[in-house]
1. Tell me which strands (runs of 3 or more DSSP E) are completely within the stretch 94-165 and hold 2 or more residues being over 23 Å from THR497 (Cα atoms), or say none if there are none.
2. So which pairs qualify, if the first residue must be in the stretch 300-328 and within 26 Å of LEU396 (Cα to Cα) and of a type outside the set (A, V, I, L, M, F, W, C), the second must be open to solvent by less than 50 Å² (accessible area, probe 1.4 Å) and part of a loop (DSSP other than H, G, I, E, B), the Cβ gap must be under 7 Å, and the two must be at least 6 apart or on different chains?
3. In the stretch 160-200, which residues are more than 13 Å from the chain's Cα centre (by Cα), open to solvent by less than 10 Å² (accessible area, probe 1.4 Å) and on the phi < 0 side of the Ramachandran plot?
4. Sort out which residues of the stretch 290-343 are among the charged types (D, E, K, R) and part of a helix (DSSP H, G or I), and write them in order of number.
5. Looking only at helices (runs of 4 or more DSSP H) that fall completely inside the stretch 400-505, which ones have 3 or more residues that are within 30 Å of SER297 (Cα to Cα) and open to solvent by less than 10 Å² (accessible area, probe 1.4 Å)?
6. When you scan the stretch 353-360, do you find a residue that is open to solvent by less than 60 Å² (accessible area, probe 1.4 Å) and closer than 26 Å to GLY292 by Cα, even just one?
7. Going through the stretch 96-121 one residue at a time, which ones are under 22 Å from the mean Cα position of the chain (by Cα) and either open to solvent by 20 Å² or more (accessible area, probe 1.4 Å) or under 19 Å from TRP364 (Cβ atoms) (or both)?
8. Hey, ASP470 hits all of (1) modelled with pLDDT under 95; (2) farther than 24 Å from SER286 by Cβ but one; which does it fall short on?
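The values are calculated or read from the model by the stated rules, or taken from the named source; none is laboratory data. Keep in mind that what you see is a predicted model, and the values were worked out from it rather than measured. All Cβ positions, glycine included, derive from the backbone under ideal geometry; neighbour counts span all protein chains shown. Quick note on the areas: whole protein, heavy atoms, side chains included, nothing else; ligands and nucleic acids left out. Shrake-Rupley method; radii C 1.70, N 1.55, O 1.52, S 1.80 Å.
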Amino acid sequence: MATGLGATAAAVAACSTTTSALAPTTTTTTAPTAPPPTSATTATGPVPIDYAALAKKLSGHLLIPASAGYSLASRSYNPLFDNHRPAAVALCARTEDVQACVSAAAASHTPIAARSGGHSYAGYSTPDKALVVDLAGLSGVRLSGTDAVVGAGTRLIDVYAALAAAGRALPAGSCPSVGVAGLTLGGGIGVLARKYGLTCDRLVGATVVTADGWARTVSASAQPDLFWALRGGGGGNFGIVTSFTFSTIPAPRLTTFQLAYPAGAVADAFGAWQPWIRAAPDEMWSNFNVTGAAGRSTCTIAGCFVGSVNALSPMLNTLVSRIGHQPGRRTVSGKSYLDTMRYFAGCASKPMSTCQAETRGAQWNREAFVASSRMITTPVANPAGLVSLADGRPDLHLIIDGLGGAVGRVAGSATAFPHRSAEASVQIYLKTTVGGRAAAARQVSAVRDALAPIVGSGAYVNYIDATMPDWAHAYYGANLTKLRTVARRYDPERVFTFAQAVNQS
């Protein structure tokens, strides 16, 4: 889900069940491996999952706390959640494996959670006492004409590598170890968004296992309400997606840039950057990164331009002139699509094999952090007031990703992603340690709450925050009512639920 983390690295350093309430259509669904149970209880209550029996139904391993490999398999990206103890982790390799897990969880009233990349900011992909459906085995990219069928467990760096090898591209996030599922389901803000839209805007179909155990192939013409919800309605709410079909674009040549400004120039830089990115052509994407310090904060303006260095340079000259200060550092470089994504992923100097290895398993480059978000809905009238929120907060980052362009030309109700008219997203990110978690959380919450009267109370669900005030409206806005309706239709017994699930609001 952390679409901005790789960009930061590059820029500033990188339950009950029921039979289906719907009549499955044989052309768009696959039956469960066993019929969904008509009753999930005995006279004394739900029947616990028989994990030995479930393991025999799976093509991959099922790990319980006593299993070798459980400790590694139960980890998420953020070490702050290493204390979570799932009941079991199912290493799924087929859609049928996911169906078996969903049916077992529904029948037993056991919480169930899908894990694609494991980046859930609130740790919702590895909850205590839950059956975790690990989708890493459902990975891979297959091209069909200009469409790409992508397994739900595929990490972004692998998506980019496979598409680039075929001369194709997909607008998506920058953190290389993020899973394509969580990113897409929450919207998918990335460095090509202003030109080509959000990741969810390129989605043309998906296979999703719903609470009744059926695998449904959805699209704009097949169960369109569920398809609508999967494009920005957040991960974990409506089922477990096992594959996505995206319409891709020809891989473009790109130009990246960075402008670094010292303390004292940050407010002027942000004041100039806002109208500059708002008026920029769609080919220009940029973010504004404020890095907190014990004193006054510094900033870096980074970006990606669909075009040449020569075409970009005059636009950067205009920005620098409007800021009124020369940057302490200015770098501009033309790159291929894949090299650009590696650059924003923070692994441009490493072999591709190393970059890919660091996104999984024992070599996973993990980081302890606390984060939250806001959406900038109108121009910030007092730039100094915003950037000063990082002053006196060492290493706290405000990562402001410009929106507009293609993102804003989609109606707010056309997909579940509600923030189409927003000017930018703001990620509040603070690296910490397990022992420093409470203090970090206080800082992030204080900045989040101080931002609301400046930029608005909206927030980005892919940066989900367990303490977000009025979270349902913050994440889903005017689309919340329809999302609740879809959740009730496909999951009336709330098989898929967690503290900030749509069906909890």
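1. Qualifying strands (runs of 3 or more DSSP E): 141-144, 147-151.
2. HIS325/ALA265
3. TYR160, LEU163, ALA169, LEU170, VAL191, LEU192, ALA193, ARG194
4. Across the stretch 290-343, the qualifying residues are ARG322, ASP339, ARG342.
5. 437-455
6. No, the stretch 353-360 has no match at all.
7. Result: PRO111, ALA113, ALA114, ARG115, SER116, GLY117, GLY118, HIS119, SER120, TYR121.
8. Against the list (1) modelled with pLDDT under 95; (2) farther than 24 Å from SER286 by Cβ, ASP470 comes up short only on (1).
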